[in-house]
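Here's the structure we're looking at; comments come further down.
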Amino acid sequence: MFDTLTSSFTAAIKKIRFQDDEKALKKALEELKKNLLKADVHHKVVKELLFDVELDVKAAGIGKDQFLDAMQKRLYALLHVKGHQGFVFASKPPTVILMMGLQGSGKTTTTGKLAYYLKNKQKKVLVAAADLQRMAAVEQLKQVGASIGVDVYADENEKDPVKIAKAAMKKAEAGLYDVLLIDTAGRLAIDEELMKELKAVKEAIKPDEVFYVADSLTGQDSVRTAASFNEQIGIDGVILSKYDGDSKGGVALGIASQVQVPLRFIGNGEKMPDLEVFIPERIVNRLMGFGDIEGLAEKTANVIDEKKAKEISRKIKKGQFNFNDFIEQMESMKKMGSMKSLIGMIPGMGGMSDAIKNFDFENSSELKNIKAMVSSMTRKEREEPDLLNNSRKQRIAKGCGMDLMDVNRVLKQFKNASKMAKRFSGKKGMQDMQNMMSQMQGGKLGGLSR
Ligand code: GDP
């Protein structure tokens, strides 16, 4: 996600030492400029950022700590504009949000993702299909709603989006919904008719907030259209979609400051869990390679039941972690979204190999094999893998269509994994884990830790 930007920052940081001179500072700033422009950050934004960082560092005295401080402070200032963060609930439910954006920007998908995010927060959500422009949008929203278990308001016979929005509002109030998300129409480009329609819906509904979905793949164009929507209709937040596919990523740095509307969420994949709250402090830490432990904890908390987590940790400590637990854990991991979206949140893991980042829980052939193998085991064998002698293994191999050698390999990996988990689970284990992490961090980032 933020890989390119993070590596530009870490590359610049490496150019400067603890006590250094103006020449080194110049080099670090040049490195930063080159990389930021390459990452498609708007040239004006780059210029201002570098000017401010230089000013701060010179005032504080040239050195690595001062450089890090200045960058952290200035990046934060860049990303932080007046307005709300994440999702904000109205004092009186339902909280009504209008979702806007150009056709193809990911508006309908993002509406679904936001509904899923709120549903995981135990909120009762209604989504309304008021995008009557794109033929398939209503059907798409219905399907998305069904897949995540969220109610959808649609009326195929109604051609007036204002009436749909009003009727959805009535339903949300009567049904005691916490949130109503209204998916509005988009066009391939901004035109007067679209603006008129959206204005009419906004006036009729008086939503609590308007979210604009900006496609990060369209780079600086997405900034311009967001600014135009803001001028003509007024928006309260931007959601940057398709950030997973955006190799440059610079648009995230510019959009808040250029449009003067806060970036609220980032979409980083096609699946429903692939939406992340945008909190400037945390993103700054990630950009600088420090990770985002809080974000990671939130993601995990959403999908892992606390009681279950305690039970698993007790089992791990006792070395009783079995195949049933393993499969269950893998299922929870799937709900957390792609590995790629998680890895940048772990301190020092930004530079992890692509093979790990691109690991796909749903389509991994390795995991499919393990699942097939486990389903050929008896209940007792799943609970006590030690029971597996040669004849049992042969039976399992036959049952799942794998070679005996492969079954043995998977069993050995599983045994090693539960040994490692046991080792890392006690108090001393935490220390081991931290040592391991800091070694990895040292190796990858070359003494970035302060
Ligand atoms: P709409 O016309 O704005 O409602 O666009 P859609 O919601 O139909 O999205 C257009 C395409 O973008 C679909 O193929 C989505 O799966 C895809 N999409 C939406 N958000 C993301 C995202 O965050 N990442 C990726 N990779 N694809 C996305």
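So which lysines can K419 reach, going by Cα to Cα under 16 Å and dropping same-chain residues fewer than 8 places off?
In chain and number order, the partners are K315, K317, K318, K427, K428.
First measure r as the distance between the Cβ atoms of D65 and Q394, then evaluate 1/(1 + (r/R0)^6) with R0 = 41 Å and state the FRET efficiency to the nearest 0.05.
After rounding to 0.05, the efficiency reads 0.10.
Using the Cα centre of the stretch 29-138 as origin and beta-carbon charges of +1 (Lys, Arg) and -1 (Asp, Glu), tell me which of S105, A90, V45 is placed farthest towards the positive end of the dipole.
A90
Accessible area of F89, 1.4 Å probe, to the nearest 10 Å²?
Surface accessible to solvent at F89 totals approximately 80 Å².
What percentage of the solvent-accessible surface of the stretch 6-99, computed with a 1.4 Å probe over protein heavy atoms, is contributed by carbon and sulfur atoms?
52
Students often forget the sequence filter, so: which aspartates and glutamates lie under 15 Å Cα-Cα from K380 once same-chain residues fewer than 8 apart are removed?
The qualifying aspartates and glutamates are D325.
So how far, in whole Å, is the C-alpha centre of the stretch 118-195 from the one of the stretch 404-418?
Here the answer is 49 Å between Cα centres.
I need the shape label for the stretch 3-79. Rule: rounded when a/c is under 1.5, else prolate if a/b > b/c, else oblate, with a, b, c from the alpha carbon gyration tensor.
It is prolate, given that a/c is not under 1.5 and a/b is the larger ratio.
Quick check: Cα centre of the stretch 85-100 to Cα centre of the stretch 1-63, how many Å?
Distance between centres, Cα-based: 37 Å.
5 Å is the cut-off here: which amide hydrogens, built 1.01 Å from N in the peptide plane, fall below it relative to V213, excluding neighbours closer than 5 in sequence?
M100, G101, I239
The values are calculated or read from the model by the stated rules, or taken from the named source; none is laboratory data. Just so it is clear, the structure is predicted and the values come from calculations on it, not from any experiment. Cβ coordinates were reconstructed from backbone atoms using ideal geometry, including for glycine residues, and neighbour counts include every protein chain displayed. Protein only, heavy atoms only, side chains kept; ligands, DNA and RNA dropped before computing areas. Shrake-Rupley method; radii C 1.70, N 1.55, O 1.52, S 1.80 Å.
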